[in-house]
Amino acid sequence: MTSLALRVEDVVSLIVEALPKPDSPSAIAIESPQSKAARSDLYHLASTAAIFFYPATGKLWESVYTWKHLLQVLADVEMPDARQGPAVNGDRGELRIYSITPDNCKDHPAYRRFRYYAACIKNLRVVSRDVPVSTLVHLRSLASPTDSLNLLPALRSLVWVETDPCMLHSDIAPFLRSSQLVSVSLHIENKNHEYATREHKVFCRDALLRLLCTVSSTSPSLGRLTIQAPPSIPLSGSLFRGFDCVLHANLRMCIGALSPSDTVVSLTRPRLATLERMDLSWTTESSAQEVVGHISLTNLRHLSISSTDGTLGTPFLGDMRVLTASTSIHLTTIEIMSLTPLRAPVVDGGDFMSFVRPLLLRSRLRHIAIVLPKFTFSFETSQLEALAHAWPKLNVLHISFLLGSYSMLPNMQYILLLITEQCPDLAFLHLPGIATLPNSGLFGLPARPSSNLRHISSDLMAIQHSPLDVAVALYTVFPKLAQLGPPGGDSDWVELHALVSAFRNLNYPVLLEHILQYMHGGVYASNRLP
């Protein structure tokens, strides 16, 4: 019965589909142990019986981490272990490749295997140095006039890694011709570009422009585009006018203002207007006007800007206002993060409400993260009220910066009551500062049994009530609360988190130890014993 069942194609497909699949490759060459194990299972299944060979092999070759595997097939180099594959024997392998000619390629076993396995690949990672230009030229000579060297007809995702921008590969086009291609990720390794001369940067920029223009002209209908390029090399935003359908752009590059002569795509083409998500890296050479001049943000749902440039100043805040003002009511996620070095100078950002004013009109916002640790803003409790009123659908509110004045921190009792009432879906709350004020009487909060709040933290915390009273109130009012204070936060947050966790887990020894530390003459006090 087993042998008869295995003759049913659907049964065989179900068996293969039940096995774990290898991971899709990323720019990092390391494959996870789980992915390697899945590859091993498929390899052994394909070797078990002829009925499993084609379905298991198809899954095995679906995600490939290096182009060398295909070259090994083409060169007909023996592979004792097809899960890993040895390096191609350079001289012998190349001779075998060039022995395949237009006259014998249709019947050549190695070429037929090469085309079969290439047709299985859906996710591919290519390091440009592993793709000899001479080999591509030879493969082009083997293709029929109607084939146009569509090497990978089923390819959906391509990760292209350039190890030297000064020697950019001149022929990426054969990897882009699949009609099913929806994602291209270009990673240009950043090697000592901060010390390069101006002429060297111009040369690298021109080479990058040619590479990106090849991608846009060959695959204009991509849905996802990732570019990681050296931040010291600004590129024109006009590049993105060559794409028609990109929904997600992850641009880890510098989009800067260049001279008109450096525009590489005709400005008569419309701006890229399909974006729903954009992730940007920012430097002092980045230009918000260059971004919005070539990319429409009106359909954007998710906007993320990050920077590690320690020299950012007030112009950065102006650029952020330009970008946020160019979005529309559709925006649901905004992230602005300046993760600058510790020694970076502090910048006076002025009034926080002026900075976020364009966002106050985005009432659909659900996720807000503004982390500017080297910027100082004036911020008052009344402004936090305005934020809660403007964003009633918030799920995450994470704002972190230096306060212009620490004389009056927001009152925890008042703020938690206000923000959970205005934003009932809020699950994560982080503020620049928060305090329990002594003139507010006993620490208490009205019950919020339906509250989703799971995280409360701040950069600065000042407890002027009994920690036990605060912990009891928070534990009682917010039943889903799981984290108090940021990881590695100050001692007040650490103590509160330990108490709330002890209440939840009925850890009485921790509670007793805390009470003993705060006993003064047989009375529980708000200050710990010295």
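Miscellaneous remarks
- Rounded to 5, the percent of DSSP beta bridges in the chain classed as antiparallel: 5
- On full extension, the segment bounded by Ser306 and Cys213 gains 30.9 nm, given 0.36 nm per residue less the C-alpha separation.
- Helix 50-60 vs. the chain, principal-axis angle (Cα, 0 to 90°, nearest 10): 50
- When each of Lys59/Lys106; Lys21/Lys68; Lys68/Lys106; Lys36/Lys59 is checked by Cα-Cα distance, pairs over 18 Å: Lys59/Lys106; Lys21/Lys68; Lys68/Lys106
- Estimated from helices alone, the mean residue ellipticity of the chain at 222 nm is -10000 deg cm²/dmol (sum of -39500 (n - 2.57) over DSSP H runs with n ≥ 4, per residue).
- For His398, distant residues with modelled amide H under 5 Å away: Ile368, Ala369, Ile370, His430
- A crude spin-label estimate for the pair Asp351 and Thr476, with each label 7 Å from Cα along the Cβ direction, gives 4.0 nm.
- Highest mean packing first, where packing is the average number of other Cβ atoms within 10 Å per residue, the peptides 15-24, 246-255 line up as 246-255, 15-24.
- Linear extension gain, Asp279 paired with Asn505, 0.36 nm per residue minus alpha-carbon span: 77.3 nm
- Net charge of Cβ neighbours under 11 Å - reference Leu339; Lys, Arg +1; Asp, Glu -1: 0
- For the stretch 292-415, taking Cα atoms only, Rg and Dmax work out to 14.5, 47 Å respectively.
- Between amide H atoms placed 1.01 Å from N, distances below 5 Å from Val127 occur with Trp67, Val161, all of them 5 or more places distant or on a separate chain.
- Helix axis angle, 412-422 relative to the chain longest principal axis, alpha carbon, degrees: 50
- Per-residue ³J(HN,Hα) for the stretch 404-411, Karplus 6.51 cos²θ - 1.76 cosθ + 1.60, θ = phi - 60°, Hz, x for Gly and Pro: x, 9, 10, 6, 9, 7, x, 6
- Tyr414-Asp23 pseudo-label distance in nm [points 7 Å out on the Cα-to-Cβ vector]: 4.9
- Taking the Cα centre of the chain as origin and assigning +1 to Lys and Arg Cβ atoms and -1 to Asp and Glu Cβ atoms, the resulting dipole is close to 980 debye.
- Positive-end residue of Val470, Ser286, Ala56, charge dipole of the chain with Cβ unit charges: Ala56
- Directionally averaged projected area (the chain, Cα convex hull): 33.6 nm².
- Label-to-label distance, nm, for residues given as Ala325 and Ile15 (7 Å Cα→Cβ offset): 6.6
- Local charge for Glu17 was computed over the other residues whose Cβ lies under 13 Å away, with Lys and Arg +1 and Asp and Glu -1, and equals -2.
- Phi angles across the stretch 282-296 convert, under the Karplus curve 6.51 cos²θ - 1.76 cosθ + 1.60 with θ = phi - 60°, into 3J(HN,Hα) values of 10, 9, 5, 8, 6, 9, 5, 5, 5, 5, 6, x, 10, 10, 7 Hz, Gly and Pro given as x.
- Here Lys480 is the anchor, and the lysines within straight C-alpha reach of less than 29 Å, apart from those fewer than 8 places off in the same chain, are Lys393.
- Cα gyration tensor shape for the stretch 196-321, rounded if a/c is under 1.5, else prolate or oblate: oblate
Quick note: the coordinates plus some simple rules give every number you see, no bench work behind them. No experiment lies behind these values; they were computed from the predicted model shown. Heads up, the Cβs are rebuilt from the backbone with ideal geometry, glycines too, and the neighbour counts pull from every protein chain shown.
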